[in-house]
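Worksheet: the structure to be examined is printed underneath.
The values are calculated or read from the model by the stated rules, or taken from the named source; none is laboratory data. Just so it is clear, the model here is predicted, and its values are computed rather than measured. Positions of Cβ are backbone-derived with ideal geometry, glycine not excepted, and every protein chain shown enters the neighbour counts.
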Amino acid sequence: DVKVTQSSRYLVKRTGEKVFLECVQDMDHENMFWYRQDPGLGLRLIYFSYDVKMKEKGDIPEGYSVSREKKERFSLILESASTNQTSMYLCASSLREGGSAEAFFGQGTRLTVV
Amino acid sequence: GQSLEQPSEVTAVEGAIVQINCTYQTSGFYGLSWYQQHDGGAPTFLSYNALDGLEETGRFSSFLSRSDSYGYLLLQELQMKDSASYFCAVTWETGGFKTIFGAGTRLFVKA
């Protein structure tokens with residue numbers, strides 16, 4: 001079974017802190033994604049990566065950056081956390097090519113910025 | 001830009017059939033997917049349509065019409081455990097496979 005693991009289930013950080021959210025997948029997937037999920041807004045794409053060191057902005061990249069130094073690991077970085085970044089963050093991975101484009105999700109990180 | 005529209009809530013009775021619609025304003029995408037998410041859980045993949053028409057997977061079916069910019073998820077023989085949020089998503093090939101999601105439809109199944 002594909003497994004996508006996010007480093008923390010719950011996280012509380014202070015305004016202005018630099019925050020790292022880590023995601024690891026074990027199925028050799030090329031594509032990895034970071035979404036944030038807020039009530040009524042669905043899943044909004046922050047960044048995605050389709051290869052090591054390759055990244056593309058999603059719909060809401062402001063205030064975030066990403067790092068993909070190894071194929072299995074995709075990190076989301078909040079450069080200076082703000083209260084409006086309080087949210088559920090979901091990491092996902094998928095094959096680069098394939099019929100279904102099925103994405104597999106981690107369990108999410110509930111981040112609270114105080 | 002790309003956008004997907006879904007109803008925010010749908011309520012149905014156990015044993016019934018329910019259809020969740022998804023309309024989109026985008027083009028050139030690779031396919032339309034559907035995901036289910038229970039409260040507190042991660043989204044899980046349900047179905048995918050690369051071509052126009054109906055795809056059936058057990059009690060769930062999904063339909064796509066690119067000419068009408070429209071798709072739907074059909075759930076038959078509803079069960080209480082089907083109470084969840086359902087998201088449609090579109091995927092483009094841009095080097096990798098970029099996927100964006102609609103805001104989701106909350107399905108309430110009543111006894």
The strands (runs of 3 or more DSSP E) lying entirely within the range A:12-114 that contain at least 2 residues which are basic (Lys, Arg) are A:54-57, A:64-70
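For the range A:99-106, check the following and say yes or no: at least one residue is within 10 Å of chain B (Cβ to nearest Cβ) and of a type in the set (Ser, Thr, Tyr). So that I can check it myself, show each step before the final result.
Filtering the range A:99-106 for residues within 10 Å of chain B (Cβ to nearest Cβ) gives A:99-106.
Checking the rest, the ones that are also of a type in the set (Ser, Thr, Tyr) come to A:100.
Yes, the conditions are met somewhere in the range A:99-106.
Is at least one residue of the range B:69-81 within 13 Å of chain A (Cβ to nearest Cβ) and under 17 Å from B:Cys22 (Cα atoms)?
As a first pass, look at the range B:69-81 and keep what is within 13 Å of chain A (Cβ to nearest Cβ): none.
No, the range B:69-81 has no match at all.
I'd like the full set of residues that are more than 10 Å from chain B (Cβ to nearest Cβ), within 14 Å of the chain's Cα centre (by Cα) and not β-branched (Val, Ile, Thr), limited to the range A:12-32. Walk me through how you get there before you give the answer.
Step one: of the range A:12-32, the residues more than 10 Å from chain B (Cβ to nearest Cβ) are A:12-28.
Cutting the leftovers down to within 14 Å of the chain's Cα centre (by Cα) gives us A:19-25.
Scanning the range A:12-32 gives A:Phe20, A:Leu21, A:Glu22, A:Cys23, A:Gln25.
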Of (1) touching a residue at least 24 places away in the same chain (Cβ under 8 Å); (2) away from chain B (no Cβ under 14 Å); (3) within 17 Å of A:Lys3 (Cβ to Cβ), A:Lys70 satisfies every one except (1)
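Among residues belonging to the range B:94-109 that are more than 8 Å from chain A (Cβ to nearest Cβ) and either more than 16 Å from A:Gly40 (Cα to Cα) or among the basic types (Lys, Arg) (or both), point out the one that is farthest from the chain's Cα centre (by Cα). Quick ask: steps written out before the conclusion?
Filtering the range B:94-109 down to residues more than 8 Å from chain A (Cβ to nearest Cβ) leaves B:105-109.
Imposing the further condition that a residue be either more than 16 Å from A:Gly40 (Cα to Cα) or among the basic types (Lys, Arg) (or both) reduces the set to B:106, B:109.
Values: B:Arg106: 11, B:Val109: 17 Å.
The residue in question is B:Val109.
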> Quick check: is even one residue across the range B:22-41 within 14 Å of chain A (Cβ to nearest Cβ) and touching an Asp or Glu at 6+ places or on another chain (Cβ under 6 Å)?
Replying inline: yes
Exercise. Please verify whether the range B:39-47 includes one or more residues that are surrounded by fewer than 13 Cβ atoms within 10 Å (Cβ to Cβ) and over 21 Å from A:Ala101 (Cβ atoms).
Key: yes
Taking the range B:1-33 and keeping residues touching a Gly at 6+ places or on another chain (Cβ under 8 Å), of a type in the set (A, V, I, L, M, F, W, C) and at pLDDT 95 or above leaves B:Cys22
Heads up, the strands (runs of 3 or more DSSP E) in the range B:4-86 (entirely inside) with at least 3 residues that are under 14 Å from the mean Cα position of the chain (by Cα) are B:18-25, B:31-37, B:44-49, B:53-57, B:60-65, B:70-75
Regarding the range A:79-93, can at least one residue be identified that is at pLDDT below 95, exposed (fewer than 13 other Cβ atoms within 10 Å of the Cβ) and closer than 26 Å to B:Trp34 by Cα? no
Counting only residues in the range A:33-66 that are without any contact (Cβ under 8 Å) to a residue 12 or more places away in the chain and not acidic (Asp, Glu), the one nearest to the other protein chains (Cβ to nearest Cβ) is identified as A:Gly42
